[in-house]
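Here the structure is laid out as structure tokens; the discussion comes afterwards.
Coordinate-derived values only; no laboratory data. These figures come from a predicted structure and were not determined experimentally.
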Amino acid sequence: MVTVKREHLKRATPEVKEAKEFLEITRDFRDPKEAVREAISNALDWSADNIWIEVFEDKTRPDQEIIIRIRDDGLGLTEARLKAFFNLGDSPGYQEDELGNKISNKIGEKGHGTKTFFNSREIEVESQSDEGLAYALMRTPLELLMKGEVPPYDWDFDPSQRGNTYTLVTIRGYDNNHKR
């Protein structure tokens, strides 16, 4: 038996290979129904009364790209909720009591769901909350993840914009346009 002196031990912290983890979650959900289910769950979590879903092909593109467009009349995305939309493991609706028990009634709690949308060519988000208008665009998320890169997104939040609350998510080229 080898004797190791504890005072000589080194310390390390486990690392996360971010792009690989994003890709793994993205590829776990390849069925387009998963993206729609996720959008419906989010809409319900944020008090939507109505949800509109369109799925169609863009015949002007040579690949006849699949477009999934989901709109709801829920509370919309604040600046923090917009960032959480793209973050991994960030779920602003999740709440715990002082003993660590879940107390919120929201479906989403892990911060993985919207990462199913990363299995696409482009994700566009527009949302009006009572705090302002949020907009974000992520280009080529799947392509970048497959290269080992975490895809960036461009975003803006305008607190001067006020109006009826909603969220509109447009997903272009979902799952390389596989038409199951």
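Here are a few things to note about the model shown:
- Helix axis angle, 32-45 relative to the chain longest principal axis, alpha carbon, degrees: 90
- Cross-link pairs beyond the 25 Å C-alpha cut-off, checked among Lys17/Lys83; Lys83/Lys179; Lys115/Lys179; Lys115/Lys147: Lys83/Lys179
- Note: the chain, Cα convex hull, 197 Å³ per residue.
- Considering helices alone, the calculated mean residue ellipticity of the chain at 222 nm is -6500 deg cm²/dmol, with DSSP H runs of length four and up weighted by -39500 (n - 2.57) and normalised per residue.
- Projected area averaged over orientations for segment 109-176, convex hull of C-alpha atoms, nm²: 5.1
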